[in-house]
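Chemist: Take this structure, written in structure tokens, and hold onto it; I'll ask about it next.
The values are calculated or read from the model by the stated rules, or taken from the named source; none is laboratory data. On a predicted model such as this, the values are computed, not experimentally measured, just so you know. Virtual Cβ from ideal backbone geometry, glycine too; neighbours counted across all protein chains shown. Heads up: the accessible areas ignore ligands, DNA and RNA and are worked out on the full protein's heavy atoms, side chains in. Shrake-Rupley method; radii C 1.70, N 1.55, O 1.52, S 1.80 Å.
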Amino acid sequence: MSLTYPLTFPSGIGISQFSLRMVKSVAVAESPFTYNQQVHDFGGARWEAEITVPPLTQSNAQLFQAFLIGLEGRKGTFTMGHPLHNASGTVTADAASKGDTRISLDGSAMTAGTYFSISNRLYMATEAKASGSDVFVEIQPPLRNAISQGAGCDLTLPKGLWRLSTNEVAWSTDTSATTPFTFACVEAI
């Protein structure tokens, strides 16, 4: 039986450090004489992350090695969320098109900076949302897929779809017979 992607990030392993960033495809041309700038936003954006897993015992390290190797470098995908971002409430999205960065949400209030996911795609509200229906909110990154009326927004440990940022997977075991892992990944678009 072969693995089916996306894989689920192994439970019970834990994350000791999580570095997350948003990368935008914006070009800036600057005059060397006047320093006037021309800016062009190409519309592209993606999440990138570096994850450090705490030193694992031999049995847990083997499970995590199998997860990493099972991704087959950049070929496979997996779902994972930021371990510290968790919100409560019920929010649904109104119909929206792929690429939209302003969407209408219904339900609970959300603060600016709230992470949520729709169909395993990780988003952040870049402005606050008041409680109620048809409240328009700016989000990043742009919607990855069109969504239908009433699409659920997961606020409780929202997850994104990721792939390794390199085809190389490596680890080393120290004298205490534990194995720490650090790896980089990018949003799978």
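Chemist: With θ set to phi - 60°, apply the Karplus curve 6.51 cos²θ - 1.76 cosθ + 1.60 along region 36-41 and write out the HN-Hα couplings as whole Hz, x wherever there is a Gly or Pro.
Modeler: Couplings: 4, 10, 10, 10, 10, 9 Hz.
Chemist: Sequence-distant or interchain residues sharing an amide H contact under 5 Å with residue 128, placed H: which?
Modeler: The answer is 112.
Chemist: Also, I was wondering about something else. Only loop residues by DSSP count here, and only those with at most 11 other Cβ atoms within 10 Å; note down the trypsin sites (Lys or Arg not before Pro) in region 92-189 that meet that. Don't skip to the end; give the middle numbers.
Modeler: Values: sites: 98, 102, 121, 129, 144, 159, 163; in loops: 98, 144, 159.
Taking region 92-189 and a limit of 11 other Cβ atoms within 10 Å, the loop trypsin sites (Lys or Arg not before Pro) found are 98.
Chemist: If you work out Kirkwood radius over Cα pairs in Å from the coordinates, which of (i) 21.6; (ii) 18.4; (iii) 17.1 do you get?
Modeler: It is the one labelled (ii).
Chemist: To the nearest 10 degrees, how steeply does helix 58-70 sit against the main Cα axis of the chain, on a 0 to 90 scale?
Modeler: In the chain, helix 58-70 runs at an angle near 50 degrees to the longest axis.
Chemist: Right, another one. Per residue of region 153-158, what does 6.51 cos²θ - 1.76 cosθ + 1.60 with θ = phi - 60° give for ³J(HN,Hα)? Whole Hz please, x for Gly and Pro, Karplus curve as stated.
Modeler: Using θ = phi - 60°, the values come out as 9, 7, 9, 8, 6, x Hz.
Chemist: Quick one: order 69, 147, 51, 15 from most to least accessible surface, probe 1.4 Å.
Modeler: 69, 15, 147, 51
Chemist: Would you calculate, for the chain, the mean residue ellipticity at 222 nm contributed by helices, counting each DSSP H stretch of 4 or more residues as -39,500 (n - 2.57) and dividing by all residues, to the nearest 500?
Modeler: -2000 deg cm²/dmol
Chemist: If you don't mind, another one. So if I restrict to the alpha-carbon atoms in region 134-189, what is the Rg, and what is Dmax, the biggest pairwise distance, in Å?
Modeler: Looking at region 134-189, its Cα Rg and Dmax stand at 18.2, 58 Å.
Chemist: Could you compute the FRET efficiency for residue 65 and residue 25, with r as their C-beta to C-beta distance and R0 at 41 Å, rounded to 0.05?
Modeler: Values: r = 34 Å, r/R0 = 0.83.
That gives a FRET efficiency of 0.75.
Chemist: Between residue 39 and residue 3, with labels modelled 7 Å along Cα→Cβ, what's the label distance in nm to one decimal, could you check?
Modeler: 4.0 nm
Chemist: Let me ask something additional. Quick one: if the Förster radius is 35 Å, what FRET efficiency do residue 11 and residue 146 give, using the C-beta to C-beta distance and rounding to 0.05?
Modeler: Using R0 = 35 Å, I get an efficiency of 0.65.
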